[in-house]
Amino acid sequence: MYLIKKIIKKVLPKSLLYSYYKYNSYKKNNAHVGTGVECTICKSQFKYFQAYGLVKRQNARCFTCGSLERHRLLWTYFEEELDFLRKGTKIKMLHFAPEKMFYNHFDNMQNVAYIPCDLNPEEYNYAGNTKTMKVDITKIPFKDETFDFIICSHVLEHIPDDKLAMSELFRVMKKGGTGIFQVPIDYNNEDTYEDFSITTPEGREKAFGQNDHVRLYGRDYKDRLNAVGFKVKEDDYVLKFSKKELKMYGFIPSELIYNCTK
């Protein structure tokens with residue numbers, strides 16, 4: 001099968017290659033079409049979500065938009081709980097490591113002055129109106145109190161000086177602004193685990209759960225955000241959903257949302 005794919009890639013012109021991939025994607029998605037689960041972002045329905053992760057999680061990834069459990073929960077939260085998004089209020093938004101399924105929505109919102117950004121913007125070269133900007137989260141190139149809303153999901157665990165990154169997020173947020181700052185957390189640990197002598201990918205994967213992570217946050221994550229000035233709400237929004245809904249939307253029942261205000 002690998003050899004066949006390689007030959008097809010070499011022989012077909014790009015226009016036909018795109019059609020081939022699109023057809024294959026359609027076949028793959030169509031094979032799982034059903035009414036067992038529904039993606040809250042792209043509204044696709046399937047028998048189940050795709051298994052995903054280093055340790056495979058069942059019912060995790062949307063076959064259409066690629067959303068994971070955390071993305072679907074956050075999008076539902078954005079739509080239901082954040083008035084400025086729901087009511088179409090004009091805002092300026094900064095979005096670190098912009099997930100494509102979110103980018104596709106925010107990039108087309110007329111009320112949102114949207115700035116997607118990352119240290120490696122070439123990894124987020126989406127076909128949209130807005131180009132991803134190169135930004136170092138520990139040295140954000142914007143004036144104090146620039147943004148009404150900041151999304152920074154699963155980024156801080158990659159940053160050696162996370163306190164500086166948090167301070168920068170606080171600095172560029174407007175008074176009265178909001179940020180959603182998600183990270184992987186081990187709630188069995190009271191304190192965040194860091195060991196900067198661990199530098200190999202293998203060592204980091206064993207210690208922190210992924211080979212490009214530099215820490216594993218514990219229950220003190222809220223305190224770390226509070227320390228730089230944020231008012232933090234550990235929102236247990238997911239608890240409003242029934243067991244049937246949790247399975248339907250592929251939410252993780254222990255996921256807390258870190259709603260940070262200034």
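Some notes on this structure:
- The residues of the stretch 68-106 that are surrounded by fewer than 16 Cβ atoms within 10 Å (Cβ to Cβ) and either outside the structural domain of Asp235 (by TED's automatic domain parsing) or of a type in the set (Asp, Glu) (or both), listed by number, are Glu79, Glu80, Glu81, Asp83.
- Residues being touching a Lys or Arg at 6+ places or on another chain (Cβ under 6 Å) and modelled with pLDDT of 95 or more are entirely absent from the stretch 123-132.
- Checklist (1) in contact with a helix residue (DSSP H, G or I) (Cβ under 8 Å, 6 or more places away or on another chain); (2) more than 17 Å from Thr261 (Cα to Cα); (3) not in a loop (DSSP other than H, G, I, E, B) applied to Ile151, failing item: (2)
- Selection within the stretch 225-262 - among the acidic types (Asp, Glu), part of a loop (DSSP other than H, G, I, E, B) and surrounded by fewer than 16 Cβ atoms within 10 Å (Cβ to Cβ): Asp236
- Of the residues making up the stretch 185-203, none is in the same structural domain as Lys143 (by TED's automatic domain parsing), loosely packed, with under 15 Cβ neighbours inside 10 Å, more than 19 Å from the chain's Cα centre (by Cα) and under 30 Å from Gly34 (Cα atoms).
- Evaluation of Lys222 against (1) of a type outside the set (Gly, Ala, Ser); (2) in a helix (DSSP H, G or I); (3) in contact with a helix residue (DSSP H, G or I) (Cβ under 6 Å, 6 or more places away or on another chain) (one fails), failing number: (3)
- Residue match in the stretch 89-112 (condition: at pLDDT below 95 and on the phi > 0 side of the Ramachandran plot): no
- Failed criterion for Lys175 (all others in (1) over 30 Å from Asp223 (Cα atoms); (2) touching a Lys or Arg at 6+ places or on another chain (Cβ under 7 Å); (3) at pLDDT 95 or above hold): (1)
- Qualifying residue in the stretch 83-94 (condition: under 19 Å from the mean Cα position of the chain (by Cα) and among the acidic types (Asp, Glu)): no
- The residues on offer are Phe63, Phe102, Phe147, and the sole one that is touching a Leu at 6+ places or on another chain (Cβ under 7 Å) and among the aromatic types (Phe, Trp, Tyr) is Phe147.
- Of the strands (runs of 3 or more DSSP E) lying entirely inside the stretch 38-139, those containing at least 1 residues that are out of contact with any helix residue (DSSP H, G or I) (no Cβ under 8 Å at 6 or more places or on another chain) and of a type in the set (Val, Ile, Thr) span 112-118.
- Filtered by the rule that a residue be surrounded by 16 or more Cβ atoms within 10 Å (Cβ to Cβ) and among the small types (Gly, Ala, Ser), the stretch 125-162 gives Gly128, Ser153.
- Selection within the stretch 162-191 - over 21 Å from Glu255 (Cβ atoms) and either in contact with a helix residue (DSSP H, G or I) (Cβ under 7 Å, 6 or more places away or on another chain) or among the basic types (Lys, Arg) (or both): Lys163, Ala165, Arg171, Lys174, Lys175
The values are calculated or read from the model by the stated rules, or taken from the named source; none is laboratory data. Here the structure is a predicted model, which means the values were calculated and not measured. Here Cβ is always computed from backbone atoms with ideal geometry, including for glycine, and neighbour counts include all displayed protein chains.
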